[in-house]
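Participant: Handing you a structure now.
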């Protein structure tokens, strides 16, 4: 009997050790401990799209560095691991495997790219059950219906396009051309702009004009558009391409005003287009970085301190917003910050106010925090906010 009792005690101790070891391994595997929260991201830090990836990473990094200097999230420092994917889907999948398998991240946070994230969905969301939070980019199909472990803070490009379609109609434009890059994701956004423009004013004439992605010579494009005599042009282009369009339009005397979605409203557009950008219109999902709001001033101060040399522009503010919303929601978690607790915290998050972007709310059936946008216009060489955030029409 005594021997059997000893065996029971040994078995009990062994079981306890196994449970403790399992708990430790679980905590380690999800980037959680009492001192830090490990998260990761992929960015195009090289290549043609680095003009977007570099400043966005800088904005998010500035926020994480600031919050760490202030003590972190409930006493835990944020360990944000960023890897360059060169805007390539296949590289993104490999990066996802490294971040989850080697770095043991609890989530992918504030990363960049639509097709890049989609390529990683099967491994990250489905196989590994690791959430992707606040990705820059995305499609309506990501959130309708909601996908487990996927949550967004950026107003979808289709909703931005809907706002542009309504805007040209309210401005009384009657002959509108939507110039867009040729990949499928851009086509869908362009179609949304055209559909809402026609819905807002059935008498309007609209047409789509595809151009090769990453085109640099817009001379033939402008020549063809001039023959269409548009009184407005909607640009669904990356910032360098939008700038090339504006410069060539000015050279050839095409005076139709331009209306762009958020990637057009960037400091790089102003730098590359110069005076040709004056008067350009766009929608944004953050306030102007020139705004006098204290929350925007905090962003500018942090950029100057933590990311000197990087522009405190719209794209940097995108990254800042994604990082800030993550920390605000993570702060509500009582106990370990794991993949599971982060997803649950997002589903329960209501009225999250980053100050520099719309107030956001989520739920089990609502994984996109906001649909709101704000109008911005180039005045005296700066993007200036017009009005406040508003909800675009349904598509």
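The values are calculated or read from the model by the stated rules, or taken from the named source; none is laboratory data. Keep in mind that this is a model prediction, so the values were computed, not measured. Reconstructed Cβ throughout: ideal geometry from the backbone, glycine too, with neighbour counts over all protein chains shown.
Participant: Enumerate the pairs (first residue in the range 328-346 and more than 13 Å from residue 133 (Cα to Cα); second residue anywhere and part of a helix (DSSP H, G or I)) with beta-carbon separation below 7 Å, excluding pairs fewer than 6 apart on the same chain, so at least 6 apart or on different chains.
Facilitator: These pairs meet every condition: 332/345; 333/341; 333/345; 335/341; 336/27; 337/330.
Participant: When the range 352-385 is examined, which residues are found to be in contact with a strand residue (DSSP E or B) (Cβ under 8 Å, 6 or more places away or on another chain), more than 30 Å from residue 269 (Cα to Cα) and in a loop (DSSP other than H, G, I, E, B)?
Facilitator: 361, 362, 367
Participant: Another question, then. Just give me the residues in the range 44-56 being in contact with a helix residue (DSSP H, G or I) (Cβ under 6 Å, 6 or more places away or on another chain) and either within 12 Å of residue 109 (Cβ to Cβ) or surrounded by fewer than 20 Cβ atoms within 10 Å (Cβ to Cβ) (or both), in sequence order.
Facilitator: The one that is in contact with a helix residue (DSSP H, G or I) (Cβ under 6 Å, 6 or more places away or on another chain) and either within 12 Å of residue 109 (Cβ to Cβ) or surrounded by fewer than 20 Cβ atoms within 10 Å (Cβ to Cβ) (or both): 45.
Participant: Looking at 295, 322, can you tell me which residue is assigned to a helix (DSSP H, G or I), at pLDDT 95 or above and under 14 Å from residue 389 (Cβ atoms)?
Facilitator: The unique qualifying residue is 295.
Participant: Could you say whether any residue in the range 149-165 is modelled with pLDDT of 95 or more, closer than 22 Å to residue 374 by Cβ and surrounded by fewer than 18 Cβ atoms within 10 Å (Cβ to Cβ)?
Facilitator: Scanning the range 149-165, I find no residue that is modelled with pLDDT of 95 or more, closer than 22 Å to residue 374 by Cβ and surrounded by fewer than 18 Cβ atoms within 10 Å (Cβ to Cβ), so the answer is no.
Participant: Can you pull out the residues in the range 362-395 that are over 23 Å from residue 261 (Cβ atoms) and surrounded by 14 or more Cβ atoms within 10 Å (Cβ to Cβ)?
Facilitator: If the condition is that a residue be over 23 Å from residue 261 (Cβ atoms) and surrounded by 14 or more Cβ atoms within 10 Å (Cβ to Cβ), then 362 is the only one that fits.
Participant: Just to be sure before I move on: is residue 242 in the same structural domain as residue 165 (by TED's automatic domain parsing), within 24 Å of residue 277 (Cα to Cα) and not in a strand (DSSP E or B) in the structure I sent?
Facilitator: So residue 242 fits the description; yes.
Participant: Does the range 190-234 hold any residues that are closer than 20 Å to residue 171 by Cβ and assigned to a helix (DSSP H, G or I), and which are they? Before the answer, list the steps.
Facilitator: If we filter the range 190-234 for residues that are closer than 20 Å to residue 171 by Cβ, which is where we start, we get 190, 192-209, 225, 228-234.
Answer for the range 190-234, where residues must be closer than 20 Å to residue 171 by Cβ and assigned to a helix (DSSP H, G or I): 190, 192, 193, 194, 195, 196, 197, 198, 199, 200, 225, 228.
Participant: Quickly run through the range 290-322 and pick out the residues that are surrounded by 24 or more Cβ atoms within 10 Å (Cβ to Cβ) and closer than 21 Å to residue 133 by Cβ.
Facilitator: Within the range 290-322, 299, 314, 315, 316, 317, 318, 319, 320, 321, 322 meet the criteria.
Participant: Moving to a separate point now. Consider residue 248 carefully, then state whether it is touching a strand residue (DSSP E or B) at 6+ places or on another chain (Cβ under 8 Å) and buried (at least 18 other Cβ atoms within 10 Å of the Cβ).
Facilitator: No: the conditions fail for residue 248.
Participant: Take the conditions more than 16 Å from the chain's Cα centre (by Cα), in contact (Cβ under 8 Å) with a residue 24 or more places away in the chain and not in a helix (DSSP H, G or I) and apply them to residue 37. Does it pass? Outline the logic, then answer.
Facilitator: Details: more than 16 Å from the chain's Cα centre (by Cα): yes; in contact (Cβ under 8 Å) with a residue 24 or more places away in the chain: yes; not in a helix (DSSP H, G or I): yes.
The answer is yes for residue 37.
Participant: Before we move on, is residue 279 at positive phi, touching a helix residue (DSSP H, G or I) at 6+ places or on another chain (Cβ under 8 Å), surrounded by fewer than 20 Cβ atoms within 10 Å (Cβ to Cβ) and modelled with pLDDT of 95 or more?
Facilitator: Here the answer is no, as residue 279 does not meet what is asked.
Participant: Those residues that are at pLDDT 95 or above and surrounded by fewer than 23 Cβ atoms within 10 Å (Cβ to Cβ), I need them from the range 21-43; list them, please.
Facilitator: If the condition is that a residue be at pLDDT 95 or above and surrounded by fewer than 23 Cβ atoms within 10 Å (Cβ to Cβ), then 36, 38 are the ones that fit.
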